[in-house]
């Protein structure tokens, strides 16, 4: 009866992720409208959007690589056996992540002026200097998101989906506060202050829940290398390659757009934000909820249930995201006009971004299914195959987009992305039954 209650559905199922993702996107749309009406498709906003690239790259390779694949299966196994062991493991991971991040951030901050000509080659000297300043400030956020990421995975592991999902909404709220109240005072730096405030909101809500009376988790700094930490590092190494390539792809997209006419970096960013709406609300929400279930199934060796849960999740994900992509494409122009139009964002800007979004909608079900397959692989502790395949397809995506950009403008980015993600998805689907059969027989994957 408890599992069928409205409270359980709203807090402990994939609908909780969908609900909170919707709230996050609501604040995200307000954020984008404030930016669009204030700056339009301008170089100022190009610089601000580009400043996320390097900090997010640092965060991806150190934090997200481990948390996306390695942390939850290991934590859940320890937590199911003894809660204290799970919490001790979380403490060790936090300590290692923060230490590695501090070292990497210092190095990155020092060499940022040398990186800038490669990441934003189309910017002038003054624009590049502003980009370097904002990027250095943004380098604080990976540490905050590392802590929030671990706390968030603990919440996911115990199916506290609502509190996990509320954090991104609060993050966007902080960015809005920065744009409305701090930008008039501090200029572009005020926008970054808003990002920092939002990241602290992101961390605060998750920390307050995991340290609540129910879970009683408290962090204690330790650099102990337990067998669980060793296993995490082994599982993470292939993911570092995968996430590094994904981040490199995003940096490359910004680099490609920076060499096109003014405003293309921002136009790409808007289209990508809207395209990610059904991916996050539906695809990622379903895949994250499925990841928890599949990790428990795999941990208990219940392969019959594993297959059934994965099949049901796959059908649900593809059906929902396909419908979402079609609706988003059909209503792209009125949606952009309603949410972004006005002020400095002209009718020509509306039509350009909506056209770009229509092309990007092709990638909605593809990217969503990729999330499903990746988490299925991770739940059986296989990170090598997705990582190697991801590296190949991303390399080809970047090369294709760069070669097509002179002819297709910024439209080359979504066309290349959708094309190579299709191949990626097909290959993962072909290989997975073999991986699962080897796992059932308790044999290594060759």
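Taking a ≥ b ≥ c as the square roots of the eigenvalues of the alpha-carbon gyration tensor, the range 1-99 is classed oblate because a/c is 1.5 or more while a/b is no larger than b/c.
Comparing 102, 154, 144 in a Gaussian network model of the chain where C-alpha atoms under 10 Å apart are linked, the largest mean-square fluctuation is found at 102. Modelled this way, with points 7 Å down the Cα-to-C-beta line, the labels at residue 407 and residue 308 are 5.1 nm from one another.
Our note on the geometry: Cα centres of the range 305-381 and the range 214-228, 37 Å apart. Fully extending the segment from residue 300 to residue 189 would add 34.9 nm, taking 0.36 nm per residue of separation and subtracting the current Cα-Cα distance.
Put the Cα centre of the range 179-195 next to the Cα centre of the range 1-61 and the gap is 19 Å. Between residue 344 and residue 99, the simple spin-label model (points 7 angstrom out along Cα→Cβ) gives 4.5 nm. Between the labelled values (i) 50, 28, 21; (ii) 34, 25, 22; (iii) 33, 27, 19, the entry that holds semi-axes √(5λ) of the Cα gyration tensor in Å as derived from this structure is (ii).
Who wins for biggest fluctuation among 114, 242, 92 in a Gaussian network model of the chain, springs between alpha carbons below 10 Å? Result: 114 has the largest fluctuation of those listed.
With R₀ fixed at 22 Å, the C-beta to C-beta distance from residue 395 to residue 233 puts the FRET efficiency at about 0.35. For residue 220, put the label point 7 Å out on the Cα→Cβ axis and report which residues of the range 75-112 keep their amide N under 15 Å from it. Within reach of a label on residue 220, which here means backbone N under 15 Å from a point 7 Å along Cα→Cβ, the range 75-112 contributes 83-95. What is the angle, in °, between the Cα long axis of helix 141-157 and the longest principal axis of the Cα atoms in the chain? Nearest 10 is fine, range 0 to 90. It works out to around 40 degrees. Projected label points at residue 180 and residue 133, each 7 Å from Cα along the beta carbon direction, are separated by 2.6 nanometres.
Shape class of the range 1-52 from the Cα gyration tensor (axes a ≥ b ≥ c, square roots of the eigenvalues): prolate, since a/c reaches 1.5 or more and a/b is larger than b/c. Helix 14-39 and the longest principal axis of the Cα set of the chain meet at an angle near 20°.
Averaged over residues, the count of other Cβ atoms within 10 Å places the peptides 103-110, 49-56, 23-30 in the sequence 49-56, 23-30, 103-110, highest first.
If each DSSP helix of 4+ residues adds -39,500 (n - 2.57) and the sum is divided by the residues in the chain, what number results at 222 nm, nearest 500 deg cm²/dmol? Per the formula, -27000 deg cm²/dmol. In the elastic network of the chain, a GNM with C-alpha springs shorter than 10 Å, the most mobile of 387, 405, 126 is 126. For the range 263-446, the square roots a ≥ b ≥ c of the C-alpha gyration tensor eigenvalues yield an a/c of 1.5 or more together with a/b exceeding b/c, which makes the shape prolate.
If you fit an axis through the alpha-carbon atoms of helix 83-119 and take the longest principal axis of the Cα set of the chain, what angle between them do you get, 0 to 90°, nearest 10? The two axes meet at around 20 degrees.
FYI, it's all coordinate maths here, none of it is from the lab. Quantities reported herein were computed from a predicted structural model and do not represent experimental measurements. Neighbour counts are summed over all protein chains in view; Cβ atoms, including those assigned to glycine, are modelled from backbone coordinates with ideal geometry.
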